[in-house]
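Data first, discussion second: the structure below is written as structure tokens.
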Amino acid sequence: AKEDKADIVVTGTLIRGTQATGSQTLTVDAKAITEVAAPSTNALLTSIPQIASFNSRPEGDPRGLTAVASIVRPNLRNFPSTNSTSGALTLIMVDGLRLTPVGSNASSPDADIVPSAVLEGLDIVTDGGSSLYGADAVSGVMNFRTLKKFEGVKIDANFGFGDRIKGYHTWDGSITAGKSWSTGNAYVSVSHMDRDTILNSETPWANGNTYNAAGVVKLTS
């Protein structure tokens, strides 16, 4: 009998490196990461248009999840409620493995746990992946790829200042050191970031609203 030679269309798979049909995958390679010069992994995500914090520094709502944990979740398509519950709609992975959530009174994956200095690339599946990964991948999947091998010492540093706020400065630095031998490779990376405090009186756009411990807005005089 004559065999049919129909094409096989992959719509979902657990095989690494195989892309499902219809999924738009965005890739940020090592060159782009260097050009952005982001002081943190979360800051790197602000350069990607499909993420809600594009072109801005993400800030947490003092009445929501980040009131008890200084974690700003990556959020594809600006889905609501990303800061109000412990659940997540964008799955965060590192080298193909789920990132363990952190927090005391809440639980959320923190992308900043991966130093930007050791990132080799970032892959983002913008289509929903709940059929393959579960409910925490409704809006998509982010996979951070770390360096497989590093030899030597690398120092990265950035310094910035504000042109609209007098006296504002920010700086960051990181040191990465690695060693290879016949049976493997190991490296360690340490980074630190600091920025000046900005008061409402120093900005022309502050509305003067502050929040008390209960999360209620109180107008300042």
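Considering the stretch 158-180 alone, what residues qualify as being open to solvent by 80 Å² or more (accessible area, probe 1.4 Å), of a type in the set (A, V, I, L, M, F, W, C) and at pLDDT below 90? Answer for the stretch 158-180, where residues must be open to solvent by 80 Å² or more (accessible area, probe 1.4 Å), of a type in the set (A, V, I, L, M, F, W, C) and at pLDDT below 90: PHE159, PHE161, TRP171. Checking TRP171 against (1) of a type outside the set (S, T, N, Q); (2) over 23 Å from ASP29 (Cβ atoms); (3) within 22 Å of the chain's Cα centre (by Cα); (4) not in a strand (DSSP E or B), which test does it fail? With (1) of a type outside the set (S, T, N, Q); (2) over 23 Å from ASP29 (Cβ atoms); (3) within 22 Å of the chain's Cα centre (by Cα); (4) not in a strand (DSSP E or B) applied to TRP171, the lone miss is (4).
For the stretch 193-207, the candidate set comprises residues that are loosely packed, with under 11 Cβ neighbours inside 10 Å and not β-branched (Val, Ile, Thr); within that set, the residue that is farthest from ALA157 (Cα to Cα) is ASN207.
For the stretch 33-42, filtering for residues that are open to solvent by less than 30 Å² (accessible area, probe 1.4 Å) and out of contact with any helix residue (DSSP H, G or I) (no Cβ under 6 Å at 6 or more places or on another chain) leaves 1. Residue-level check: of (1) surrounded by 12 or more Cβ atoms within 10 Å (Cβ to Cβ); (2) of a type in the set (Phe, Trp, Tyr); (3) part of a strand (DSSP E or B), PHE150 misses just (3). Of everything listed in (1) at pLDDT 65 or above; (2) under 30 Å from GLY173 (Cβ atoms); (3) surrounded by 17 or more Cβ atoms within 10 Å (Cβ to Cβ), the single unmet condition for LEU91 is (2).
Is it the case, given these coordinates, that ASP194 is under 19 Å from PRO74 (Cα atoms), in a strand (DSSP E or B) and touching a Phe, Trp or Tyr at 6+ places or on another chain (Cβ under 9 Å)? The answer is no for ASP194. I need the full set of residues from the stretch 104-147 which are in a helix (DSSP H, G or I), more than 13 Å from ALA30 (Cβ to Cβ) and not aliphatic (A, V, I, L, M), in order please. Result: ASP112, SER130, SER131, TYR133, ASP136. The condition (being buried (at least 18 other Cβ atoms within 10 Å of the Cβ), within 21 Å of ALA32 (Cα to Cα) and modelled with pLDDT under 85) is satisfied by just one residue among VAL125, VAL141: VAL125.
The values are calculated or read from the model by the stated rules, or taken from the named source; none is laboratory data. Being a predicted model, the structure only gives us computed values, none of them experimental. Note: ideal-geometry Cβ built from the backbone for every residue, glycine included; neighbour counts use all protein chains shown. Keep in mind that these areas ignore ligands, DNA and RNA; they rest on the heavy atoms of the full protein, side chains included. Shrake-Rupley method; radii C 1.70, N 1.55, O 1.52, S 1.80 Å.
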